[in-house]
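These notes concern the structure reproduced below.
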Amino acid sequence: MSKTLEELVEECKQFITLYNKNKMERNPAVGKACFIISKHWFKIYKQYVHYKAVRSHIKPVESAEIMHPGPIKNDEYLCDLSNKNLVASGTNDQFEKNYLDKYLKPNVRERFEYKLINQDLWEFLFSKYGGSEIKRYTVPQGTYYTIVETRLKQLSVVLLPVTNLYKGGEALQGLDFEYNVQLSKRKNYLDLKRRIIDCLKAKFQLNLTDSDVRLWKFTDTKEKLVDACQQISERGDRIEVDSINDPDLEINSGVEFPGESLEPYYQTSSNLEDDSLNETTVIVEYRESEHLKFAFQYKKNQRIFIGKCEFCTQKRTLKIECVCKRVRYCNSSCQEKDQRWHMPNCSAQADAELQRGVSSFQRGPRARDGKVGLGNLGNTCYMNSSLQCLSNCYELTKYFLDERFKYDLNADNPLGTSGRLVQAYAKLLNEMWNQDDSVVRPHMFKRILGEYAQQFQGFGQHDSQECINSILDLLSEDLYRKPKKPYVEMTEANGRNDEEASQEAWLKHLVRNESIIVDLFHGQYKSTLVCSDCKRVSITFDPFMTLSLPIPGKKDKIDFFYIPYNISPNYKNYKGAVFLRDSDSVRDFRQQIFQRFGIDESSFIVTIIADNTIRKMVDQNSRIEEMIGGGTVILYQINPNLNPQLPAQEKNDKADSNFGLSEEYTKVVMTMMMSQKNQYSSSYTIRTNNIPRILWVDSNKSLKEVHYQILEFFAGHFEYLPQDKSRLLPFRKVSIDENEQQQISIDEFLALSSEEKFAVAFPGLNEQNWMDVLKRNDLQIHEAPFTVRIKNMSGYMEACQFCGDKRCDGCPLPFRSDASFRDILMKVGIYTNQSFYQQGYKCGKSDVIFEIVWNNKIEKSFFDSFQTAIAFPNSQLNTPSQDPLQRQEHEITLQDCLEEFSKPEQLDKDNMWYCSKCKQHVQATKILEIYKAPAVLVINLKRFKHGRQRFSMYSGGNGKLDTLVDFQIQSLDLSPYILQKAPDGEEYIYDLFGISNHFGGCGGGHYTAFGLNWMDNQWYSFDDSSISKTSESRIVSSSAYNLFYRRRGKINLNEINYEVLKQSATLEDLQKLQSQQNAQNPQ
């Protein structure tokens, strides 16, 4: 039916509206319907409705050349509906015929042959012109976008009825014909099965259910499938399935399908978009009745894994699983290619290789005898250095090379590695000593060590001492000689002698740790702890494997000034110096002052002064390193009339804040200030001009008496006020007749009482006018020498705690007899004297500070005399070159480190000890001594430190000591440092055989090693894979970190008797010992 021009124009306007809306849909929602339309038909249609003219608002003109488009022609893009393409039955709404039954030709392309339009535009065109419908849907593309799935997933399908399979010949005929079935790539495998069932219903009118159809994936040659079908036909109804041993096997012919079942895929979230069905033929095995048996062997409850292949990283069906069950592969080729990377991390394969590696040790004809480099696996120089030192411990290496470890191997110890690290270490030693490779890469040892000592996982740098301890600890657990560890309780000495307590503690240790490592490397400490409160002494005997020695630092010169308390006419300040290490405590500093200058160590306060201000008061538990560089060290004598006593070092490190004095006394810091008139104004500026002084005040005194005490404190220094030799002070005598007032001499002034002195120095000041007089900054010399102010300790723009004024520069100290000094303390909220011991802005915030504002008429020479200091009389202060204790860095010996190790040490606040008597944690005094020495002694020089403590290299230290420690290579005598006396004929003489060196600083560096090879008695230098001979003269350096010593005469290396070395103990031995001790020491 032809349309008029007006109707076509109106239709075109509707078309343009829908067409523009169609073009605006850039990212339609998932699952939205779209339609394929022929581009050729679409072009004719736009001409028919005069699209260009209407869009350009031009009146169209009728033309005979414009043809009617006719029905929408899409059939030319579809494959022929032959028997090869399976179609839906139409009974299942899930499978739309105009969607899934439309098979596009392979060469049809979008934008060339067809366009995609939305449902509104399609319905508009289809309602007017009709035609063939090709429907498609949008699917996700990535995370945020969608795309129209025009081409569906097409699969080749071969139909195999069960009845034909058992007949043989008819089944073979069906193999020659393949069908096509298509489905959305977003559908899963179960949807594929139901789609095929629906197609079978349409093609053969069969009433099938899900249980009547099985799908198989076939990728092999057709001949393999033919052979399988022939086997089924030959067996007929015979059942050849062992369902007893494998109940999951279905009872049928038992012929295995030459492919893979798709049944397990139904339980997965995998869809047809996966690559598992690419280039695959789907074999459909179906039965027409539920009473028929399937032909191919089928195993129920199968599981498959779909994910990323470990090698190719493609998301596929992972058919192959490694024996370690940690990685999977899509095929055997990927597994084979990944062996190079996975093998070092595969515990199962590693265990198999370990078993092969330790099956037997054969010494090769060109054996290297330990002169082998170790490859750096990536920042593993710390491990290589540790292993080279342990390798040259011949008594341990011989134990492994003789395969003695196999008799002691304990794979059931839960604290060990199931014997894996022992086997890896034995395998490594075999390669280093019995094989001919010049470089060995310890991959397996590193992986197993990192697996059980997780700090060594990965390829970060670590501490060689920590590595040595971890290796020996794990080896000890794996070589524990007993099947099970008993529980024993560690106890203190409790008044017993050292021999009895040590023997019991050692037996308890052996019961739980008996191994070759204990035989060789373990010694015993005597640890003494003294409670700082109740003085309870706790003595325990603890095992050790590594002896960590502190390095005594070079002594630094500490200059100081000593300020006497009493300012008398003969007043003098003194200066001096002592030599101390930065690790020493202030208590040591006080003792040095007493020893060298005879000043009682309890008689002074230690302060740090900078810019004439006390920056800090230093308590006795602080370290010398906290005093250096912060300012001038000034010692203020405490009022000797108060008999100060320095308390014991307690858990409260501010315990010396009041020096044992009565709580009635408060120390008051007096800041020395000067009032100066500004040059261009009438205002005055007050600034510090001298070091502060410290006054001790009885808080019960009245404020008037405090004024008297302050004047008495400075009165002895007034002899420096006269400007000539007259010794007359600028004060006038108190007289009734003002005209007869005369200046007073210093001698007359000092002979006056406190009240009379105050009347002379502060004439006219009384309790009524004190506020007006003391607030004046322009005092004349005849009016007053100074004024006293209470310093405003409030923050910026905060109200003064005393007067409440935010702009207060300091309140005058009241001159009142009806108020006490305690009232001042309570008003400003001061209850302790400890804030000067704090760091930062809190320093001094809770202490009393008086500002002594001196008269601006006083000459500078008066204040200079305050700071003049002389040397201590009759002092024999040594210079650094004369001081026997001031030793240069290169002169520090290992003996110095041993002496430093045995010194008493007070525990830090973060490492306090719990006293069972006090029932609290205290900073106890600890003394650590060597009681029992091992056959092989590993000494660690504590080169890395953090604040007060020293840590290992990579545990957060912030400083390294590069001090040269001179250690003996041969004949190191440790007898003076070991409490247990050696048996007759034996000595504690040790010889060096290994050194682990560290070069660099904290957070980075490099490890090497020196080792004495027992086979040729030659020293070698080991630097990862490099090895070279070296001499004894080159091995003592400032880089030495871990030292390995062997006790002379303890072990005959030519013929090691491990039975003699063995130390063994049982619970019965322990009980017997305890019974004997109880009998000898009855309670």
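Among the residues of segment 528-539, those identified as buried (at least 16 other Cβ atoms within 10 Å of the Cβ) and either touching a Pro at 6+ places or on another chain (Cβ under 8 Å) or assigned to a strand (DSSP E or B) (or both) are 528, 529, 530, 538, 539.
Would you confirm whether any residue within segment 153-169 is at pLDDT below 85 and either under 17 Å from residue 77 (Cα atoms) or aromatic (Phe, Trp, Tyr) (or both)?
Start the filter on segment 153-169 by keeping residues that are at pLDDT below 85, which leaves 162-169.
Cutting the leftovers down to either under 17 Å from residue 77 (Cα atoms) or aromatic (Phe, Trp, Tyr) (or both) gives us 166.
Yes, there is a match, as at least one residue in segment 153-169 is at pLDDT below 85 and either under 17 Å from residue 77 (Cα atoms) or aromatic (Phe, Trp, Tyr) (or both).
Got at least one residue in segment 285-301 being basic (Lys, Arg), closer than 21 Å to residue 448 by Cα and surrounded by fewer than 19 Cβ atoms within 10 Å (Cβ to Cβ)? Write out each step before concluding.
The initial filter retains those residues of segment 285-301 that are basic (Lys, Arg), namely 287, 293, 299-300.
Now drop any that are not closer than 21 Å to residue 448 by Cα, which leaves none.
The answer is no, given that none of the residues of segment 285-301 is basic (Lys, Arg), closer than 21 Å to residue 448 by Cα and surrounded by fewer than 19 Cβ atoms within 10 Å (Cβ to Cβ).
Evaluate segment 1037-1046: report whether one residue or more is among the charged types (D, E, K, R) and surrounded by 19 or more Cβ atoms within 10 Å (Cβ to Cβ). For segment 1037-1046, residues among the charged types (D, E, K, R) and surrounded by 19 or more Cβ atoms within 10 Å (Cβ to Cβ): present. Inspection of segment 550-557 identifies at least one residue that is part of a loop (DSSP other than H, G, I, E, B), among the β-branched types (Val, Ile, Thr) and in contact (Cβ under 8 Å) with a residue 24 or more places away in the chain.
Pairs linking a residue in segment 1-20 that is in a helix (DSSP H, G or I) to a residue that is acidic (Asp, Glu), with Cβ atoms under 7 Å and 6 or more positions apart or on different chains, are 5/62; 18/120.
Where strands (runs of 3 or more DSSP E) fall entirely within segment 1000-1070, those with at least 3 residues that are among the hydrophobic types (A, V, I, L, M, F, W, C) and touching a residue at least 40 places away in the same chain (Cβ under 8 Å) are at 1040-1047. For segment 811-822, indicate whether the set of residues that are closer than 12 Å to residue 703 by Cβ, assigned to a helix (DSSP H, G or I), modelled with pLDDT of 80 or more and within 52 Å of the chain's Cα centre (by Cα) is non-empty. Yes: one or more hits.
Show me the strands (runs of 3 or more DSSP E) entirely contained within segment 581-699 in which 3 or more residues are at pLDDT below 80. Don't jump to the end; show me each part of the working.
Details: elements: 604-610, 613-617, 632-637, 665-677, 684-698.
Filter on segment 581-699 gives 665-677, 684-698.
If you go through segment 128-150 and keep only what is surrounded by fewer than 14 Cβ atoms within 10 Å (Cβ to Cβ) and aromatic (Phe, Trp, Tyr), you end up with 144, 145.
Listed conditions (1) part of a helix (DSSP H, G or I); (2) surrounded by fewer than 16 Cβ atoms within 10 Å (Cβ to Cβ); (3) in contact with a helix residue (DSSP H, G or I) (Cβ under 8 Å, 6 or more places away or on another chain) are all met by residue 194, apart from (2). Residue pairs whose Cβ atoms lie under 7 Å apart, sitting 6 or more positions apart in sequence or on different chains, and linking a residue in segment 77-101 that is within 21 Å of residue 113 (Cβ to Cβ) to a partner that is of a type in the set (Gly, Ala, Ser) and surrounded by 12 or more Cβ atoms within 10 Å (Cβ to Cβ), are 100/88; 101/88. Of all residues in segment 700-727, none satisfies the criterion of being part of a strand (DSSP E or B) and either touching a His at 6+ places or on another chain (Cβ under 6 Å) or modelled with pLDDT under 90 (or both). Quick one: in segment 323-337, of everything that is surrounded by 13 or more Cβ atoms within 10 Å (Cβ to Cβ) and in contact with a helix residue (DSSP H, G or I) (Cβ under 7 Å, 6 or more places away or on another chain), which residue is nearest to residue 348 (Cα to Cα)? Per the criteria, the residue is 324.
Which of the residues that make up segment 108-127 are part of a helix (DSSP H, G or I) and surrounded by fewer than 16 Cβ atoms within 10 Å (Cβ to Cβ)? Give the steps one after another, and end with the answer.
Here is the first cut: in segment 108-127, the ones part of a helix (DSSP H, G or I) are 119-127.
Scanning segment 108-127 gives 119, 120, 123, 127.
When residues in segment 569-589 are screened for being in contact (Cβ under 8 Å) with a residue 40 or more places away in the chain and either closer than 17 Å to residue 551 by Cα or among the acidic types (Asp, Glu) (or both), 7 of them pass. Summed over segment 74-83, the residues that are assigned to a loop (DSSP other than H, G, I, E, B) and either at pLDDT 85 or above or within 18 Å of residue 35 (Cα to Cα) (or both) give a count of 2. Can you find even one residue in segment 895-902 that is closer than 30 Å to residue 1058 by Cα, at pLDDT 90 or above, in contact with a strand residue (DSSP E or B) (Cβ under 6 Å, 6 or more places away or on another chain) and not in a strand (DSSP E or B)? Scanning segment 895-902, I find no residue that is closer than 30 Å to residue 1058 by Cα, at pLDDT 90 or above, in contact with a strand residue (DSSP E or B) (Cβ under 6 Å, 6 or more places away or on another chain) and not in a strand (DSSP E or B), so the answer is no. Inside segment 50-68, can you point out the residues that are at pLDDT 90 or above and surrounded by 13 or more Cβ atoms within 10 Å (Cβ to Cβ)? Listed by number, the residues that qualify are 50, 51, 53, 54, 55. Is it the case that residue 892 is closer than 17 Å to residue 715 by Cα, at pLDDT 60 or above and surrounded by 13 or more Cβ atoms within 10 Å (Cβ to Cβ)? Taking the combined requirement at face value, the residue does not satisfy it.
The values are calculated or read from the model by the stated rules, or taken from the named source; none is laboratory data. Bear in mind that the values here come from a model prediction, so they are computed numbers and not experimental data. Neighbour counts are summed over all protein chains in view; Cβ atoms, including those assigned to glycine, are modelled from backbone coordinates with ideal geometry.
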